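A short worksheet on the structure shown next.
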Amino acid sequence: MNWDPRSLPSQTGKTFVVTGAGRGVGYFVAEQLATAGARVILTTRGETTALDLIRSRVPGAAIEHVTLELGSLASIKQAAADLAALGPIDVLINNAGKTGGSRKRETTADGLEIMVGTNAYGPFALTALLFPSITGRIINLGSLSTRLAKADLSDFEQSRGKYSVSRAYAYSKHGVHAFALELDRRLRASGSGIRSILAHPGFALDGNASARPGITDRNSAGQRFVERLLRPVAHGKDRGAWPVVRAAIDPDAAGGQFYGPSRSVTGPPVLTKPVPQSADPAFGAEFWRLAEQATGVSFEV
Ligand SMILES: NC(=O)c1ccc[n+]([C@@H]2O[C@H](COP(=O)([O-])OP(=O)(O)OC[C@H]3O[C@@H](n4cnc5c(N)ncnc54)[C@H](OP(=O)(O)O)[C@@H]3O)[C@@H](O)[C@H]2O)c1
């Protein structure tokens, strides 16, 4: 079907969970879904102005909040319990992710390498724990960074050799791709009607988005200068949200698909392809085994 991200089909009566919705792409995903009439549960790590902002922009919006820190399995377990208590979830959107970090190898509260632990194992554990409450779709946020580095699952948390944070980010997103596509294979094999779909925002910056006080204006003057220089190759996080929203609500979107901007980094949302490595079923199965081992959470589909 022709898809117009500015004119979404009504989502009245449906419940979405958007992780990391206090700013960035996640904020705009939540705002766009609320504008379409959805009930949206935003997760953030701490205090947020996002709820009041959406309520002020979308009169009557049904907005709720749960606290989630993906770098702590205790927080993930608590958040899963809090979310399950709010009733059935039509769509879980695993948007939250650590996008920058220290050159030095750091770990989560549970001793996992921080990028892989937060971006790949965290959403795996949250999805597994919340799975009995999910009725429709599970959306995960992939990345073009998977084109820049091959992942080594035998040293996925870079415990050996020289640590690289950009490699850690790429590894974490290979993990996300592997998880989403392996989940799709397992859902199909079990005859489930739940769809696992990937989306990526392209290259999306706060400074190129429509202004939202307290959300898009948080960067330093230096960061804003760099954002202006990058304008020709980057769109705003409002547009970066478009492929995520399409994956979440386009009636024609199927399990195992991957949505991204038409020109890779910018453009309207269209179907795209993951890199072969993270789409490989053997890679997916091995990631699943590692994720269960690292988190201690078994995921029965
Ligand atoms: N923007 C891009 O160009 C781009 C490209 C490819 C993929 N992506 C992916 O798209 C998603 C959103 O990116 P973005 O550009 O919106 O990033 P962002 O502006 O850095 O926002 C990241 C979001 O994730 C949350 N988060 C970070 N660490 C967390 C943790 N340990 N526990 C729970 N939440 C945490 C942040 O919460 P706080 O506010 O508490 O920090 C924030 O809400 C990410 O998964 C990212 O990897 C982005």
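The values are calculated or read from the model by the stated rules, or taken from the named source; none is laboratory data. Just so we're clear, the structure is a prediction, and the values are computed from it rather than from any experiment. With ideal geometry, Cβ positions are generated from the backbone for all residues, glycine too; neighbour counts draw on all protein chains shown. Accessible surface is based on the protein model in full, side chains and every heavy atom, while ligands, DNA and RNA are left aside. Shrake-Rupley method; radii C 1.70, N 1.55, O 1.52, S 1.80 Å.
Listed values, structure above:
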| item | result |
| --- | --- |
| Qualifying residue in segment 135-156 (condition: under 30 Å from A81 (Cα atoms), surrounded by fewer than 20 Cβ atoms within 10 Å (Cβ to Cβ) and at pLDDT 95 or above) | yes |
| Index of the failed condition, G161 passing every other in (1) modelled with pLDDT of 95 or more; (2) not in a helix (DSSP H, G or I) | (1) |
| Within segment 140-152, tally of residues that are within 10 Å of the ligand (Cβ to nearest atom) and touching a residue at least 40 places away in the same chain (Cβ under 8 Å) | 6 |
| G26 being of a type in the set (G, A, S), within 16 Å of the ligand (Cβ to nearest atom), touching a Gly at 6+ places or on another chain (Cβ under 8 Å) and part of a helix (DSSP H, G or I) | yes |
| Every pair of residues 6+ apart whose Cβ atoms lie under 8 Å, when the first sits in segment 273-298 and is closer than 17 Å to D110 by Cα while the second is open to solvent by 40 Å² or more (accessible area, probe 1.4 Å) and assigned to a helix (DSSP H, G or I) | V297/L129; S298/E292 |
| Cβ pairs under 7 Å, 6+ apart, first in segment 93-109 and more than 22 Å from H177 (Cα to Cα), second open to solvent by less than 80 Å² (accessible area, probe 1.4 Å) and outside any loop (DSSP other than H, G, I, E, B) | S102/V165; R103/V165; R105/E113; E106/I114 |
| So L229, is it in contact with a Leu (Cβ under 9 Å, 6 or more places away or on another chain) and more than 27 Å from P9 (Cβ to Cβ) | no |
| Qualifying residues in segment 41-60 (those that are surrounded by fewer than 16 Cβ atoms within 10 Å (Cβ to Cβ) and either among the small types (G, A, S) or modelled with pLDDT under 95 (or both)) - the one farthest from the ligand (Cβ to nearest atom) | G60 |
| Residue in segment 153-162 that is within 12 Å of the ligand (Cβ to nearest atom), in contact (Cβ under 8 Å) with a residue 12 or more places away in the chain and either over 16 Å from A285 (Cα atoms) or touching a helix residue (DSSP H, G or I) at 6+ places or on another chain (Cβ under 8 Å) (or both) present | no |
| Single unsatisfied condition, N208 versus (1) open to solvent by 20 Å² or more (accessible area, probe 1.4 Å); (2) under 29 Å from L181 (Cβ atoms); (3) in contact with a Lys or Arg (Cβ under 7 Å, 6 or more places away or on another chain) | (2) |
| Per-region count, segment 61-117, residues open to solvent by 20 Å² or more (accessible area, probe 1.4 Å) and in a strand (DSSP E or B) | 6 |
| Residue check for G284: more than 17 Å from the chain's Cα centre (by Cα), of a type outside the set (A, V, I, L, M, F, W, C), open to solvent by less than 10 Å² (accessible area, probe 1.4 Å) and away from the ligand (no atom under 16 Å from the Cβ) | yes |
